[in-house]
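Here's the structure we're looking at; comments come further down.
The values are calculated or read from the model by the stated rules, or taken from the named source; none is laboratory data. Because the structure is predicted, anything quoted here is derived from the model rather than measured. Every residue, glycine among them, receives a Cβ derived from its backbone with ideal geometry; neighbour counts consider all protein chains shown. For accessibility, only protein heavy atoms count, side chains too; no ligands or nucleic acids. Shrake-Rupley method; radii C 1.70, N 1.55, O 1.52, S 1.80 Å.
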Amino acid sequence: MQKKIQLCVSCMKDIQNSNICENCGYDQDTLYLPGQIPPKTIFLERYFLGKLLSEDKQGATYIAFDLNINQVVEIKEYLPEKICIREKNSLNIIPMEGLETPYKAYLSDFIELYKELSKIRTLSHIVKIYDVIELNNTAYAICERVIGQTLKQFLMDNVDYITWDVAKEIITPVIKSVGILHSVNIIHRGISTETLLINKKNEIKLTSFSINLTRGVNSSLNFDLFSGYSAPEQYFPNGTHGTWTDIYSISAVLYKILTGTMPPDAYTRMSKDKYISANKLNLDITDYLSNTLDKALNLSIKDRISSINELQSYLTNPDCYPPIIQPEKPLPISEKTKSQKNKKYGLISMGITTIFLLFILIFVFVFLFDSPNNNNNNNLNSFISNNSSSISTNENSSSFSSSSSSSNITSNSSQIDVNKISVPNFINQNYTSIKNNPTYKNLFSFIIKEEYNDDFGIGKIFEQNIAPNSEVIQDTSIILKVSKGKRFPTIPDFYGISADEYTKNLKDLGINYEIQREKVSDLPSGYVFNTSITPGNTIDIESPIKLVVFITK
């Protein structure tokens, strides 16, 4: 008789005889949805299955425990949407009527993909695939269980953006690992900040492999694409995928890391490209690095960097890549024609005016030197007066015509579609870096509201009234809520800390303080030996009472 297994179906820790896990708090009697594998199911007398972790377009992933080696793993089950269902009261999978052939074909792709991945499981920066099991008219991939957080969550929780010196430490292992995948003809097609995990050892791992058809628009399977990171060819049923597809995604991840802003969605870019070069969002990014990202994120496959080796060369050797010179943007045909016409009419008008003035000068010269009597002078004055009136009338007429033309141009331009801009994600960024960025100054108008916030440090943006990636016109006002820090911060401990370091900590917390110096025997000068409020207690920032810091002298 097999020994009863007493493991939590959520975290795989021992639970003794309790229904509530003391480690994670999960209730073992939690209901599961029909179609899911029941928790506590045992495969091949080896794998104890727990709860469902996630679902995607190719199937479902469960936490499990390998009883042979006492290790927590994940099990991916091939169960694609739209073409199959689970048999009632069974683990068996049944293809829908008429879809038996594609089901088998995609199943074969699933098995082949994960078997190839199992051959390279020694790679430290790719999630390990231990085995592939065919059972219940489907297949299961036994995978490494990675505990950590996605790169997306890491960036949101920790930094605005990362310098190139730090970013290359993150991205280089990914680039090299993808290069090895490409050498065995595996294209990931889903590299994004959501499919890169950072484990407890701060190692980055590429996860979420999937069969080809779920990573592109097609008619037979639902697809998993990642906005901002998926390449343009993935949005077309007959799009040509290749190594260049992963190049686009990796470079989009690097763009996000370096700028703190996700690139515009490729599908949207194809109709109206609002892509902004990285060095315009972060002035510390070098031109060659920004130009490399421009080329790697090119919408055209033929103009895009196409191989990992090429991308590595550009990123590591500035001399191998000449700077891109942006061509001057031509006028639209209608505007060009209008400009040419205005220029032509302007020249004609100048010619007529010049001839007319010469005529007046000649006329004045003749009357001055050939007519001695005052009547003629009076006539001349009358003539000049009349013609001055005429000239004035012509000038006014010309002015009116110009104004009318200007009005027409304005009217016409109001009918032209205004070029919209994608709003970046400002959350968790320092307001000063946003305020001092010349690109943002030209694109948006910011309204700042400072509020206390327990979750964001002083000067960090914690809310924006227009959601990231929303499309707005230039000079749109965006309300940014900026943290003033905690309203009731905790007084920090001063033990063993110099006065300068301690007062800096107080300033960072926004705590008002005053210094009182006293001579204390057996203590060196310049150290904190007491505070008016005991460390560990809180202080109200709005209170007029200051914290007194006692420093040795």
statement: Probe 1.4 Å, heavy atoms of protein chains only: per residue, the accessible area of region 87-175 in Å² is 52
- request: Give me the number: length gained by fully extending VAL166 to LEU135, i.e. 0.36 nm times residue separation minus the C-alpha to C-alpha distance, one decimal in nm.
  value: 6.7 nm
- line: So, with points 7 Å from each Cα along the Cβ direction, the GLU203-MET96 label distance in nm works out to 4.1
Extended-chain gain in nm, criterion 0.36 nm per residue less alpha-carbon gap, ASP284 and ASN19: 89.9 nm
- request: Take the Cβ-Cβ distance between PHE488 and LYS176 as r, set R0 to 51 Å, and report the resulting FRET efficiency rounded to the nearest 0.05.
  value: 0.60
- line: Rounded to 0.05, the calculated FRET efficiency for the beta carbons of ASN309 and LYS272 at R₀ = 45 Å is 0.85
field: Spherically averaged projected area of region 493-553 from its Cα convex hull (nm²)
entry: 3.9
field: region 487-553, accessible area per residue, ligands and nucleic acids excluded (1.4 Å, Å²)
entry: 64
- line: Using alpha carbon centers only, region 1-62 is separated from region 478-528 by a whole-angstrom value of 49
field: Solvent exposure, largest accessible area first (probe 1.4 Å, DNA, RNA and ligands not counted), of ASP303, ASP294, ASP287
entry: ASP287, ASP303, ASP294
statement: FRET efficiency (GLU87, GLU55; Cβ distance; R0 30 Å; to 0.05) is 0.95
task: Find the relative contact order for region 470-551 and round it to a whole percent, using C-alpha pairs within less than 8 Å whose residues are 6+ positions apart.
output: 39
- prompt: How much length, in nm to one decimal, is gained on full extension between LYS40 and GLU518, taken as 0.36 nm per residue of separation minus their Cα-Cα distance?
  reply: 165.3 nm
message: Which entries of LYS519/LYS546; LYS40/LYS128; LYS484/LYS504; LYS484/LYS519 have Cα-Cα distances beyond 28 Å here?
response: LYS484/LYS519
- prompt: In terms of solvent-accessible area of protein heavy atoms at a 1.4 angstrom probe, what is the ranking of THR172, THR261, THR538, highest value first?
  reply: THR538, THR172, THR261
message: Within 10 Å of each candidate Cβ there may be at most 16 other Cβ atoms; applying that plus a DSSP loop requirement, which GluC sites (Glu not before Pro) in region 13-81 survive?
response: GLU22, GLU45, GLU81
message: Under a crude label model (7 Å from the Cα following the beta-carbon direction), how far is LYS435 from VAL159 in nanometres?
response: 2.4
- line: Taking alpha-carbon centroids only, region 436-462 lies from region 190-250 a number of Å equal to 32
- prompt: Which number do you get for Rg(Cα) / (2.2 N^0.38 Å) in region 223-328?
  reply: 1.02
message: Using 20 Å as the Cα-Cα cut-off, could you pick out the over-long pairs in LYS88/LYS115; LYS280/LYS441; LYS201/LYS486; LYS152/LYS441?
response: LYS88/LYS115; LYS201/LYS486; LYS152/LYS441
